[in-house]
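Enquirer: The structure is given below, and queries will be raised subsequently.
No lab work stands behind these numbers, since they all come straight from the coordinates. Owing to the predicted nature of the structure, the values given are computational and were not obtained by experimental measurement. Because the Cβ atoms are built from the backbone with ideal geometry, glycine has one as well, and the counts that use them run over all protein chains shown.
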Amino acid sequence: MNKRPHIIAFGNEKGGSGKSTTAMHVFVALARRGLRVGALDLDLRQKSFFRYIDNREDWCKRKDVELILPERLYIEASNDPDREKSWAIEGERFNEAISKLSETCDVILIDCPGAHSNLSRLGHSRADTLVTPMNDSFIDFDLLARIDPKTYSIAGPSVYAEMVWDTRKLRAQVGLGPTDWVVVRNRMPIEDAANKRRVGEMLQQLSSKIGFRIANGLSERPIFREMFLSGLTLMDLRDTGEQMDMSKIAARQEVRELMNILNILPDVKPEAEPAPVAPPTPVAVGGPRIAPPPAPIPEPATIAASRTAESEKAIIPRVIVPSPAAQAAEDMKSQDTPPPTPVAGPSAKKKRRFSIFERFGRSA
């Protein structure tokens with residue numbers, strides 16, 4: 001049976017958050033697991049992701065070395081002066097690229113532009129997994145929500161959060177599954193600072209309101225900036241004969257931990273699932289103009305539970321064998337402790353779904 005690829009979009013409307021660096025490391029990590037990876041760069045002006053890959057190709061030619069490269073396709077912007085026609089043309093080109101890559105790829109990576117645009121909305125609406133890298137500061141936190149400076153309470157969602165909510169509605173309209181949204185904290189300070197803890201607490205509060213998971217990403221290390229010109233990643237250093245010091249080993253471990261949290265080992269989706277459809281004319285985001293979702297969107301807990309169940313089937317758990325002394329202590333404890341009382345399952349009563357505005361205490 002033909003299957004469609006797992007689509008991962010890297011989106012953030014603020015530049016300098018490490019989207020392209022994160023996308024490149026995710027690509028190499030997936031390719032080294034034997035998956036065929038396709039790539040699209042929707043930032044038609046800067047093309048940082050594709051420039052990273054260009055640097056990788058040039059380095060291979062200079063060193064006469066073969067490294068893994070993705071299959072990539074280019075999309076050109078429309079020059080039609082009519083905005084609606086221009087959007088339609090770009091939508092057709094985007095769909096053609098996705099269809100072409102789907103013929104040979106297990107995973108497609110989409111690097112979205114760092115601005116609100118038609119192509120950005122298209123990339124977000126097709127994402128099975130949405131990765132939003134952000135610098136670990138309140139400047140970047142403002143991308144997700146507005147904060148009261150006096151009380152440090154969350155006042156409401158940002159325009160980017162509303163746009164993601166819109167694209168989730170579009171997926172529901174065409175019968176696609178929910179997007180697994182993962183916010184990645186990049187450039188985290190290594191030391192335990194008060195600002196770092198406060199940003200983490202605010203993210204935990206916000207994640208339950210608008211539905212995303214949190215992952216620790218790439219710390220502030222010079223190695224991530226230095227590797228761009230060579231097109232290398234931390235997963236390549238050992239194969240290229242680079243000297244590995246403790247800083248590089250620690251940075252590579254950060255990438256591995258990020259991949260474990262993303263949990264992208266796609267059982268590639270069956271073709272029987274409805275094919276994605278390009279959204280109609282983009283809807284302006286902001287305030288009361290957004291209606292509640294036309295179809296229920298699973299809560300974050302439901303998404304996490306379903307993905308956990310799938311990962312348990314695909315990944316063999318690591319078994320830790322306790323020492324004889326620890327086993328004896330555990331046996332003594334089990335003899336003295338009565339069995340736990342079974343907990344009743346969740347009520348069969350159906351929960352009412354809330355819009356993104358009701359979650360912040362105000363109606364649409």
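Enquirer: Relative contact order for region 60-109: what percent, with Cα pairs under 8 Å and sequence separation of 6 or more?
Expert: Working: 21 pairs, mean separation 15.0, N = 50.
Here the relative contact order equals 30 percent.
Enquirer: Taking 0.36 nm per intervening residue step and subtracting the Cα-Cα distance, what contour gain separates Leu73 from Glu220 on full extension? Display every interim value, and only then the final one.
Expert: Working: separation 147, 0.36 × 147 = 52.92 nm, distance 3.11 nm.
Length difference between fully extended and current span is 49.8 nm.
Enquirer: Can you give the extra length, in nm with one decimal, that the chain gains between Ser137 and Ile261 once fully stretched, where that is 0.36 nm per residue apart less the Cα-Cα distance?
Expert: Going from the current span to full extension adds 42.5 nm.
Enquirer: Can you pull out the GluC sites (Glu not before Pro) in region 23-126 whose DSSP state is coil and whose Cβ has at most 16 other Cβ atoms within 10 Å? Walk me through the intermediate numbers first.
Expert: Values: sites: Glu57, Glu66, Glu71, Glu76, Glu84, Glu90, Glu92, Glu96, Glu103; in loops: Glu66, Glu76, Glu103.
Passing sites in region 23-126 are Glu66, Glu76, Glu103.
Enquirer: Taking the Cα centre of region 98-210 as origin, sum charge times position over the Cβ atoms of Lys and Arg (+1) and Asp and Glu (-1), and report the length of that vector in debye to the nearest 20.
Expert: That gives a dipole near 280 debye.
Enquirer: Express in whole angstrom the spacing between the alpha-carbon centres of region 118-185 and region 1-55.
Expert: 18 Å
Enquirer: With θ taken as phi - 60° and the coefficients 6.51, -1.76 and 1.60, list the Karplus ³J(HN,Hα) couplings across region 209-220 in order, rounded to whole Hz; mark glycine and proline as x.
Expert: Along region 209-220, the couplings run 8, 10, x, 9, 9, 10, 9, 7, x, 9, 6, 7 Hz.
Enquirer: What does a probe at Ser153 reach in region 207-237, counting residues whose amide N is under 19 Å from the point 7 Å along Cα→Cβ?
Expert: The answer is 207-210.
Enquirer: Follow-up. Gln243 versus Ala115, label points 7 Å from Cα toward the beta carbon: distance in nm?
Expert: According to this spin-label approximation, the distance is 4.3 nm.
Enquirer: Please give me, ordered by residue number, the chymotrypsin sites (Phe, Trp or Tyr not before Pro) of region 37-115 that lie in loop per DSSP and have at most 16 other Cβ atoms within 10 Å. Intermediate results must be reported in sequence, preceding the final value.
Expert: Working: sites: Phe49, Phe50, Tyr52, Trp59, Tyr74, Trp87, Phe94; in loops: Tyr74.
Loop-located and lightly packed - Tyr74.
Enquirer: Using Cα pairs under 8 angstrom and six or more residues apart, how large is the relative contact order of region 166-262, in percent?
Expert: RCO, region 166-262: 28 percent.
Enquirer: How high is the relative contact order of region 61-178, given as a whole-number percent (alpha carbon pairs under 8 Å, six or more residues apart)?
Expert: 15 percent.
Enquirer: Can you tell me the order of 232-238, 250-256 when each peptide is scored by its average per-residue count of other Cβ atoms within 10 angstrom, highest first?
Expert: Ranking the peptides 232-238, 250-256 by packing returns 232-238, 250-256.
Enquirer: While we're looking at this one, here's another question. Given Lys3/Lys61; Lys61/Lys100; Lys47/Lys85; Lys14/Lys85, which pairs have Cα atoms separated by over 29 Å?
Expert: Lys3/Lys61
Enquirer: Quickly work out the Thr104-to-Ala194 label distance, labels modelled 7 Å from Cα along the C-beta direction, and quote it in nm with one decimal.
Expert: 5.6 nm
Enquirer: Could you order the peptides 149-155, 137-143, 9-15 from most to least packed, using the average number of other C-beta atoms within 10 Å per residue?
Expert: On the way: 149-155: 11.3, 137-143: 16.1, 9-15: 22.1.
Descending mean neighbour count gives 9-15, 137-143, 149-155.
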